[in-house]
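Q: My structure is below; once you've seen it, I'll send some questions.
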Amino acid sequence: MTAQAFQLKVRILDIEPEIWRRILVPADMNLLDLHVVIQGAMGWEDSHLHMFEIRSWQFELPEDDRRRPEPGHKDERRARLSQLLSKGAAFKYVYDFGDQWEHVVDVEDVLASAPDRTLPCCVDGARACPPEDCGGPYGYAEMLLALADATHPDHQDLLEWVGEFDPEAFDAAASNKSIAEARRHYRKRR
């Protein structure tokens, strides 16, 4: 069976209840394009570095002043999903090395024919993505406690920063719009 698409479940580690997205992506997509899709589906702003860990390999996008990745890393632009993934596999995606948002990506299914949808797309998910720069999973938990407690000393400042943040909100249509916007943005940057 030749894969046409992968069904992936992307989960952020160390947060309960779980924040996740189910995405469908073309099998011939490279890891840089998958990064863009994950950014859009999750709701991240792509303002930090990232890395993939698949099997024993680490993949990254070389920084602007380098043509090659760091020693010991592989160039994610040259790594195709069809060459790396199989049903049942799991790998790690790390975003923002300061806040250290670790995601596990599970390969739930390998589809022989692309479903009747435009790919890539987000088909399901749960809960809102944490705001950028909120301190990783532990800072996020503290942020939620402060937002829920009007007497907390940081409550008002956080309200001004994140607005009316609903951690339980998820909207697949909004995720797909974000994926499309992220892909347009990357095409312009290239």
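Q: Please count how many residues of the stretch 129-161 are surrounded by fewer than 14 Cβ atoms within 10 Å (Cβ to Cβ) and either β-branched (V, I, T) or part of a loop (DSSP other than H, G, I, E, B) (or both).
A: So the answer is 4.
Q: Just to be sure, is R68 among the basic types (K, R), closer than 19 Å to D33 by Cα and over 20 Å from the mean Cα position of the chain (by Cα)?
A: Values: among the basic types (K, R): yes; closer than 19 Å to D33 by Cα: yes; over 20 Å from the mean Cα position of the chain (by Cα): yes.
Yes: the conditions hold for R68.
Q: Sort out which residues of the stretch 34-50 are under 11 Å from the mean Cα position of the chain (by Cα) and either farther than 18 Å from R183 by Cβ or crowded, with 19+ Cβ neighbours inside 10 Å (or both), and write them in order of number.
A: Filtering the stretch 34-50 for residues under 11 Å from the mean Cα position of the chain (by Cα) gives 34-46, 50.
Selection gives L34, H35, V36, V37, I38, Q39, G40, A41, M42, G43, W44, H50.
Q: When you go through A174, A169, A114 one by one, which is the residue that is surrounded by fewer than 17 Cβ atoms within 10 Å (Cβ to Cβ), of a type in the set (G, A, S), at pLDDT 95 or above and in a loop (DSSP other than H, G, I, E, B)? Explain how you work it out, then say what you get.
A: On the way: A174 fails: in a loop (DSSP other than H, G, I, E, B); A114 fails: at pLDDT 95 or above.
On inspection, the qualifying residue turns out to be A169.
Q: Go through (1) within 21 Å of P120 (Cβ to Cβ); (2) outside any strand (DSSP E or B); (3) under 15 Å from the mean Cα position of the chain (by Cα) one by one and return the number of the condition E18 breaks.
A: The single condition E18 does not satisfy is (1).
Q: Kindly evaluate D28 against the criterion of being in contact with a helix residue (DSSP H, G or I) (Cβ under 7 Å, 6 or more places away or on another chain), closer than 20 Å to L119 by Cβ, in a loop (DSSP other than H, G, I, E, B) and of a type in the set (D, E).
A: On the way: in contact with a helix residue (DSSP H, G or I) (Cβ under 7 Å, 6 or more places away or on another chain): yes; closer than 20 Å to L119 by Cβ: yes; in a loop (DSSP other than H, G, I, E, B): yes; of a type in the set (D, E): yes.
So D28 fits the description; yes.
Q: Residue check: is V123 under 30 Å from Q58 (Cα atoms), surrounded by 13 or more Cβ atoms within 10 Å (Cβ to Cβ) and in contact with a Lys or Arg (Cβ under 6 Å, 6 or more places away or on another chain)? It would help to see each step written out before you state the result.
A: Values: under 30 Å from Q58 (Cα atoms): yes; surrounded by 13 or more Cβ atoms within 10 Å (Cβ to Cβ): yes; in contact with a Lys or Arg (Cβ under 6 Å, 6 or more places away or on another chain): yes.
Judged against the criteria, V123 is a match.
Q: What tally of residues in the stretch 108-159 results from selecting those that are under 19 Å from E45 (Cα atoms) and not small (G, A, S)?
A: In the first step, residues of the stretch 108-159 are kept if they are under 19 Å from E45 (Cα atoms); the result is 120-122, 125-137, 139-140, 143, 158.
This time we only want the ones that are not small (G, A, S), so: 120-122, 127, 129-134, 137, 140, 143, 158.
Total meeting the criteria: 14.
The values are calculated or read from the model by the stated rules, or taken from the named source; none is laboratory data. Remember, predicted model here, so these are calculated numbers, not experimental data. No Cβ is skipped: glycine too gets one built from the backbone with ideal geometry, and neighbour counts run over all protein chains shown.
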